[in-house]
Structures are given as C-alpha cells and as structure tokens.
Amino acid sequence: MNNLDSALQYTAKNRQKFIKDLNELLAIPSISADTNGKPAMENAARWIEKSLQNNNFDTVKIYQTAGNPVVYGEKKTGKKNAQTILFYGHYDVQPVEPLGEWESEPFEGVVRGDYLFARGASDMKGQYIACLKAIESILSTGELPVNVKFILEGEEEIGSPNLEDFLKQHADLLKCDVVVNPDTGMIAPDVPTITYGLRGLAYFELRVYGPSSDLHSGVFGGVVHNPGQALCELIAGMHSSDMKVTLPGFYDDVRPLPASERAELNRLPVSDQDYLDQTGAPALWGEDGYTPTERLGARPTLEVNGLYSGYIEAGAKTVLPSYAMAKISMRLVPDQDPQKVYDSLHLYLKQNAPETIRWELVNMSGAPACITNRDLPAVQAMSRAMERIWGKTPVFRRDGGSVPVVTHMQEILGVDSILTGFGLPDDHIHAPNERLHLPTWEKGIQVLICFLFNLAE
C-alpha cells in the first residue's frame, strides 16, 4: 500500500476523532465583531496553535497585531526541491443573532442526520479542520510530499483590517508556490467545484441632510425637501430600466466576457429555479443580456445594503426627517478600480443631487476583483484530486462574493490562490442554524490529501 492510500484509509478510520476536534474549536465563541470578545479570540488562536503543535509542525507561532492574533505554522518535508503550499484560513465567526432562531446552541456542535450544526461549522472552522486533518492523515502514515505553511487570521469577518500589513511585514516568512484558500465552497454535494474568479468590492455610506432638525410633516411638508425622499430619488436613478448601473463611466474598465468563458459558465448545473429556491424571491432580477450565472460572477453590481431615515419604530409619528442615510455596495469585476468607482458615484451625485439638500459620500472600503489562471499546474492538481474522489471532473466558476486576501496574496506575495472549500450554498453561513454537510466535508479531506500528492508529481 502506498502513502496516498494509507492516508486515505486513515481518514476513514478517524471520522469521529476529526468531528470531535472540530467541535472543540466550534465551542470557542470567536466573534470578531464583539468588542468584548478579545478573550475568546485569544483562546481560538491558542487552540489553533496547539492543533499545529500536535501535528509536530517545525515552527508554530502566534503573532500579535493591532487587532486579533495571526497564527503561523510550517512543516517541511524531507524531499528535495519540493513545492511549498500556503493554507489560508480564519478562525473568527459571525455574530449569532437572532439567537432565538437557533434550533440548538450556536457554540455547541450538534449532529443531526448528515449535518453538523454550529456557528463556524462551514464558515470556516470546518474548512480549516479539513486542511489540518489532511495533513494529519499524511503525517500519521508517512511523510509529507510537499512543504506546507498555514496562516490563520482572526479578523476576516470584519474585513481583515490588519492582514495586509501583516503580509507586507512577513512576506519572506510566507513565501510559497501557491496558496490554498478553502473559503469558497461547492455548488452541490455531487458537484466538485473550483472557483477561479472573485468579484471585488467597493462600499460607501451616502448621507443626505435637509433641515437642521426634524420637522412636523404637517407644518412643513411640501415646503422643505424631505431628505428621505431625496435619497430614494437618487438611489432610484442609479439603475436604468434595463437594470444597468447609470453612474458615469461605471462600465469603462469592465473586462468583456469572452464567448468561450460564457459557454463554460453556463455549463454549471444551476438553473433559474435553483436561484429561486435558494433565495425565496418571487422572481429573478438583473442586467439585461446576461444569464443569472454570468451576472453573479462576471458582471458588476450596485446594491443598497441598508436605509435609514426618520421615525422607524412601532406606531405613527408624523415627522419630516432632517437626515437620511444609505449603505451602498458595488461588486466589481476584473480591471475595475475601487477608487474610480468612488469617483464615478461622486460625479453622479454632483450631477443629480438637488440644491434642496446637502450630501456626503463616505468611502468605507474597497478591494479589486481577482482571477486565477485555470491552467496553472496547481489548479490542475486540485482538479485531478477532485476527479479521483468524486469520480467526475469539477466545474469551474466565478464567485460573486469578495475575498480581499486573495488580491493581497497576489499583489504582496506574488502568488495565485486555489479557491475551493467544502461548504454548500444552503449551509446558512452568517445566519442561524449554520451547518456543515459531513459527507461532503469528509470527501474534502480526501481531496486535499490527493492534491498534495498530485503536486509532488
């Protein structure tokens, strides 16, 4: 029996041990958005540290940052000229509210059927444990075929404010041939998936001011322009009747989608009805001329994420508000620049905001899109690993979400990332009753084992 087969057998024999270890990590309430949660974040970092030490990593260290710690680990193989793989992950999780909607305690892993329920089970403590257990399975039965490094941060769910500086300061430490980022996921349990593109993000707060204080809507309504109404009028004008964004120059840098890539994306086994079933929406909506799959991964968007104005509590209060605010995000595609998008929105407001109000645009965050060459040897090594375990060739997709660390890795470390993961669209990440599909997760561990051996070839 060769080392690969021995490692795969180890995973089959140690299923319950792997779940037990995952549950230990899930029990730590590492909510990075919780301003009082520093002790839990430190506990999670120490748990990660110990988990790497238990696998006899050559180097394990916790690095303090201005926020939450970064955990680093490195394990070298004895093989000459071996490639080095850097696994990225995050140990922080989203808040659990609304707590009353959870069917079990959010920080107590509970198995029901094929699913393990807990906050962080899918996003992404389960994905880290999958990587760790792939390494454990190989080391328990033989020698690593490649060098491996791990970097685990504790601030991904709040935008990774300190990670970019950490990467710049430790670029030599993190030097590698390719990054494996398991923070995306699968289309379905029977559809192995590799993500080769992620949209970027630009996020703004638009503030609109009218009178110096709230006014009686009966006394002043019809005389003073209502900031809430003015804000809605501005937002309504940001899309045309064919659902395109109307900001000046918004599409100037958008990279065209080649016919070959459109054909590949539309081979994905996702139908309009699938999107309706996942969202509960009465009908789909979006830019004319593109399919839902193309819109989600390869076209830019502008969305209103939140609105505030006037009296929004129970009951009636006839007020003309002095202030209104909207949170606006844009998902960007390759070649779009977050700063240019900000300039485009700013110009739109200058051209369209009436003189009856004052406005302010706050540029809160931004990151460009990223795309990985599907023909990279490491990507093909992952593809072959998935084909072995699932018995079918994986699909390649462009994801609509944003993972800024991927762009940072490209720009600072000079390496591409393989984007995968073994979560599913219905895992309820960021929502109550988050869950992990255990059969898919177990296959994921096996895939990672095969991937590392494929790289050595």
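Structure values in brief
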read-out	value
Of all residues making up the range 16-66, the number that are in a strand (DSSP E or B) and within 20 Å of Glu105 (Cβ to Cβ)	1
Filter result for the condition that a residue is modelled with pLDDT of 95 or more, over 23 Å from Phe422 (Cβ atoms), in contact with a Leu (Cβ under 7 Å, 6 or more places away or on another chain) and assigned to a strand (DSSP E or B), over Val208, Val179	Val208
Selection from the range 184-210 of residues that are among the charged types (D, E, K, R) and surrounded by 23 or more Cβ atoms within 10 Å (Cβ to Cβ)	Arg199
Filter result for the condition that a residue is assigned to a helix (DSSP H, G or I), surrounded by fewer than 23 Cβ atoms within 10 Å (Cβ to Cβ) and assigned by TED's automatic domain parsing to the domain that holds Leu86, over Gln351, Gln380	Gln380
Residue list for the range 76-97, filter: more than 21 Å from the chain's Cα centre (by Cα), in a loop (DSSP other than H, G, I, E, B) and either in contact (Cβ under 8 Å) with a residue 12 or more places away in the chain or surrounded by 18 or more Cβ atoms within 10 Å (Cβ to Cβ) (or both)	Lys76, Thr77, Gly78, Lys79, Ala82, Gln83
Qualifying positions in the range 414-437 - surrounded by fewer than 20 Cβ atoms within 10 Å (Cβ to Cβ) and among the hydrophobic types (A, V, I, L, M, F, W, C)	Val415, Ala431
Selection within the range 211-234 - surrounded by fewer than 16 Cβ atoms within 10 Å (Cβ to Cβ) and among the β-branched types (Val, Ile, Thr)	Val219, Val223
Per-region count, the range 195-229, residues of a type in the set (A, V, I, L, M, F, W, C) and closer than 26 Å to Pro338 by Cβ	6
In the range 253-308, the residues that are closer than 17 Å to Met330 by Cβ and in a loop (DSSP other than H, G, I, E, B)	Asp253, Val254, Arg255, Trp285, Gly286, Glu287, Tyr290, Arg299, Pro300
Those strands (runs of 3 or more DSSP E) lying entirely in the range 395-457 with at least 2 residues more than 30 Å from Asp335 (Cβ to Cβ)	435-437
Search result, residues across the range 303-337 that are out of contact with any Lys or Arg (no Cβ under 8 Å at 6 or more places or on another chain), more than 30 Å from Gly221 (Cα to Cα), of a type outside the set (S, T, N, Q) and surrounded by fewer than 20 Cβ atoms within 10 Å (Cβ to Cβ)	Asp337
Test result for Asp183, in contact with a strand residue (DSSP E or B) (Cβ under 8 Å, 6 or more places away or on another chain), among the charged types (D, E, K, R) and assigned by TED's automatic domain parsing to the domain that holds His437	yes
Residue match in the range 395-415 (condition: more than 30 Å from Lys168 (Cα to Cα) and modelled with pLDDT under 95)	yes
Residue match in the range 196-204 (condition: in contact with a strand residue (DSSP E or B) (Cβ under 8 Å, 6 or more places away or on another chain) and within 30 Å of Thr11 (Cα to Cα))	yes
Qualifying residue in the range 433-456 (condition: basic (Lys, Arg) and touching a helix residue (DSSP H, G or I) at 6+ places or on another chain (Cβ under 6 Å))	yes
Failed condition for Lys61, given (1) buried (at least 19 other Cβ atoms within 10 Å of the Cβ); (2) without any contact (Cβ under 8 Å) to a residue 60 or more places away in the chain	(1)
Number of the exception - Gln410 against (1) within 21 Å of Phe87 (Cβ to Cβ); (2) buried (at least 18 other Cβ atoms within 10 Å of the Cβ); (3) of a type outside the set (Gly, Ala, Ser)	(2)
Residue ID - surrounded by the most Cβ atoms within 10 Å (Cβ to Cβ), chosen from residues in the range 148-173 that are outside any strand (DSSP E or B) and touching a Phe, Trp or Tyr at 6+ places or on another chain (Cβ under 8 Å)	Gly154
Sole residue being under 16 Å from the mean Cα position of the chain (by Cα) and not hydrophobic (A, V, I, L, M, F, W, C), chosen from His437, His428	His428
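For (1) aromatic (Phe, Trp, Tyr); (2) farther than 21 Å from Lys50 by Cβ; (3) in contact with an Asp or Glu (Cβ under 6 Å, 6 or more places away or on another chain), each residue gets a yes or a no:
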residue: Asp123; (1), (2), (3): no, yes, no
residue: Cys131; (1), (2), (3): no, no, no
residue: Ile135; (1), (2), (3): no, no, no
residue: Phe150; (1), (2), (3): yes, no, no
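The values are calculated or read from the model by the stated rules, or taken from the named source; none is laboratory data. Bear in mind the structure is a predicted one, so any value in this text is a computation, not a measurement. Backbone-built Cβ (ideal geometry, glycine too); neighbour counts: all protein chains shown.
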